[in-house]
1. Of all the Cα-Cα pairs you can form in region 181-225, what percent are over 16 Å apart?
2. Modelled label-to-label distance, L184 and S88, 7 Å Cα→beta-carbon offset: nm?
3. With each label point set 7 Å from Cα along the Cα-Cβ vector, what nm distance links V162 and A117?
4. Could you work out the relative contact order of the chain, using alpha carbon pairs under 8 angstrom and six or more residues apart, expressed as a whole percent?
5. Rounded to the nearest 0.05, what FRET efficiency do L48 and D69 give with R0 = 35 Å and r taken as the Cβ-Cβ distance? Could you check?
6. Using alpha carbon centroids, what distance separates region 89-121 and region 1-68, in Å?
7. For A214 and L100, calculate 0.36 nm times their separation in residues minus their Cα-Cα distance, and state this gained length in nm to one decimal.
8. What is the extension gain from D259 to T142, computed as 0.36 nm multiplied by their sequence separation minus the C-alpha to C-alpha distance, in nm to one decimal?
Amino acid sequence: MHDAGFGSAEIQSFAVGLPAAASPAVFTYGTPGWFDHVAAAAQSARALGMTLDLTLGSSWPSGGSYISDAQSLKQLTVTGQMVQGPSSLASAVPGPTEPLLYPVANALLQLPDTYDAAKMRLVSVLAARRATDQTPDDPPVTPTLADVPPPPATVYLDLDSVVDLTGTIANGRLQWQVPAGTWLVFALYEGPTRMAPFYGADPGGALVLDHFNADAIKTHLGAVAGTAAQRLGSDFGTTVRSLFVDSLELRTELYWTDDFLSQFAARRG
């Protein structure tokens with residue numbers, strides 16, 4: 001590269017395009033041996049008067065094997081159930097439903113389905129009356145992939161009718177006197193996506209971090225930038241001039257974090 005006139009290079013260790021049975025030597029990102037290679041590259045670059053840039057993680061989005069479920073990317077999911085009023089509703093709270101993005105990612109990109117319903121926690125249960133006008137804004141869409149189920153039909157709601165049913169739950173069951181009309185009951189669940197960085201070269205078990213969680217960010221910065229500073233010495237911040245993230249690509253049903261509701265209340269009332 002130097003002989004061709006380049007003054008800088010980027011180091012990113014990932015496994016895009018490699019077979020599933022690729023050599024274990026590929027999956028060493030962040031290990032002492034991997035940092036030895038980065039240090040050797042930095043020494044060579046310094047000798048040639050070049051600089052290096054290092055991605056803040058093996059691939060996208062940022063994450064690693066040191067990220068726990070508690071610090072991993074979160075999502076909010078919604079399960080719907082239609083009920084007709086007037087009537088008395090006494091039924092189990094609808095359980096969590098796997099978001100469509102999981103089978104889509106599996107069909108399109110052969111990414112593993114990491115959804116785990118057992119890790120989802122109920123946040124609240126809401127209900128809203130079905131609006132009289134159900135004229136669709138857009139025509140229905142039919143998936144072209146064989147393994148992807150069709151999306152549910154859009155249902156338009158009367159926003160002024162929304163009620164919070166969370167307080168009616170007893171022993172996992174809803175107790176509600178349903179007013180006249182067609183109503184949709186929504187059970188909202190929060191939990192980890194269990195998603196790994198795309199085609200990462202981590203040693204194994206890497207999870208995408210919760211980008212809204214300051215502790216998760218600090219854990220990741222310590223594991224990557226902190227270790228780089230220790231291992232690269234005077235080359236860190238000079239020859240290795242930057243660590244950067246060039247793509248987020250956070251795959252969730254709805255963006256979420258553990259203190260989303262309290263943060264929303266504090267910022268928006």
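Read the figures in this text as sums done on the coordinates, not as results from a lab. Please read these numbers as outputs of a predicted model, since none were measured by experiment. Every residue, glycine as well, gets a Cβ built from its backbone with ideal geometry; the counts of neighbours run over all protein chains shown.
1. Roughly 56 percent, rounded to a whole number.
2. Going from the L184 label point to the S88 one covers 2.8 nm.
3. Roughly 2.6 nm, to one decimal.
4. Taking the mean separation of contacting Cα pairs over the length of the chain, I get 36 percent.
5. Given R0 = 35 Å and the Cβ-Cβ separation, E is 0.20.
6. 34
7. Values: separation 114, 0.36 × 114 = 41.04 nm, distance 2.86 nm.
Contour length minus the Cα-Cα distance gives 38.2 nm.
8. Numbers: separation 117, 0.36 × 117 = 42.12 nm, distance 3.66 nm.
Between D259 and T142, full extension yields 38.5 nm more.
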